[in-house]
1. With all protein chains present, how much of the accessible area of the chain (probe radius 1.4 Å) comes from carbon and sulfur, to the nearest whole percent?
2. Relative to the Cα centre, what is the charge dipole magnitude of the chain, using +1 at the beta carbon of each Lys and Arg, -1 at the beta carbon of each Asp and Glu, and rounding to the nearest 20 debye?
3. Please work out the ratio of the alpha-carbon Rg of the stretch 182-316 to 2.2 N^0.38 Å and round it to two decimals.
4. Is the stretch 132-171 best put as rounded, prolate or oblate by its Cα gyration tensor, with a ≥ b ≥ c the root eigenvalues, rounded for a/c under 1.5, and otherwise prolate when a/b is larger than b/c, oblate when not?
5. Ignoring ligands, DNA and RNA, how do ARG84, ARG40 rank by accessible area with a 1.4 Å probe, largest first?
6. What is the spin-label model distance, in nm, from ASP83 to ARG226 if the labels are put 7 Å beyond Cα along the C-beta direction?
7. If only Cα atoms are counted, what is the Rg of the chain, and what is its Dmax, in Å?
8. Could you work out the relative contact order of the chain? I mean the mean sequence separation of Cα pairs under 8 Å and 6+ apart, divided by the number of residues, in percent.
Amino acid sequence: MKLFLGHWTALRLWRRLRIRGVTPPVARLGRLDGCVCRKRQLVDCGISLSPPAVSSRVGCADLEVALVDPTSGDVRLDLLVGDRAAISGLRNVRHHLLAGALPPGSLRMVADGIYLPSPELTYLLLAPELSGLRRIALAHELVGSYALDPASPNGFASGLTPATSLDRLRGYLERSTCRRCAARALEDLGMVHEGSASPRETDLAMAFCLPVRDGGYGLGRFEMNRELSFGGELAALVGGVRRYPDLLFPDARVVVEYDSDQWHGGGLKPSLDRDRSDGLSAAGYTVLTFTNLHFGSYESFARQMRRLAGHLGEDLACEDEALVFARRRLFDFLRSPGRLVY
């Protein structure tokens, strides 16, 4: 018997595994055969639909967290099945039909008989359930160095290995037989950048790169948390041989930093941030900082965006009523809890 996790259960489990630095091995399975779907079969696999959700004999403690919906606290289980006959009417279980052959590497084994869709397949499975903006946000997380974590004080864990890359996501979607879902998701990847280290960095990236029709600013090419190296006297001015600016427009030598603590933080952090900015300025970079202040109102955010556009040689002065409406709508999305994909 086999248990194939899917959708939201899979996403929550991937987050837990990334936080712990665990990468489950690829399973040599090309289709969903022998699916477990009945309550008795789930119990035999060590899965319960009420707390505690996972038996200790399963050997995957992270699955306990993944089965609990963070918004309700209830046990919620998404299962993939390869045949409609395997679908049952179990409460708190959603079955998703995924018939036919899967591209190589689609499944990982997390415990004996329990399988997890790859990050690429997980993204494809969730794509139809998300708006375009939320798909873009989720893709940034998967190819970035953070993972949402409701148990963390700031809502996410940082410094993680990316779950996948843009190249792997694109390659998988191009091989997928679900052409309609894959086509929409592929289009979204054109607005995704690797290297985001936090949800707020993702918010800024989306504002910078989304097209004007969607309320974005279309500010051109930039990179996220790219290494800048300095040597000799320049390193002494900068204060180190390496810096990793949050967002960098390399052609214009403009750095954008996000500082969530500048306006309410204590200790040495504001001074260290100021020294880092001064060092990059001494190296010939223009540094602009976004803070919680700028996410507090559309007027503050738009004003800072105009400053950034000026440094990049862009003109945002002409904004008609429709454009302002679109940008306000995007701004409301970027500051809403609902943008976070749980």
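The values are calculated or read from the model by the stated rules, or taken from the named source; none is laboratory data. Because the structure is a prediction, the values reported are computed rather than measured. Don't worry about glycine lacking a Cβ; one is built from the backbone with ideal geometry, like all the others, and counts go over all protein chains shown. Please note that ligands, DNA and RNA were not included when accessible areas were found on the heavy atoms of the full protein model with its side chains. Shrake-Rupley method; radii C 1.70, N 1.55, O 1.52, S 1.80 Å.
1. Working: 8060 of 15860 Å².
That fraction is 51 percent.
2. Numbers: 43 positive and 39 negative charges, 267 e Å.
That gives a dipole near 1280 debye.
3. On the way: Rg = 15.6 Å, N = 135, 2.2 N^0.38 = 14.2 Å.
Computed over Cα atoms of the stretch 182-316, the ratio equals 1.10.
4. Numbers: a/c = 3.82, a/b = 1.61, b/c = 2.38.
Oblate, because a/c is 1.5 or more while a/b does not exceed b/c.
5. Working: ARG84 170, ARG40 190 Å².
These residues rank, largest area first, as ARG40, ARG84.
6. 5.2 nm
7. 22.3, 71
8. Values: 572 pairs, mean separation 47.2, N = 342.
Value for the chain: 14 percent.
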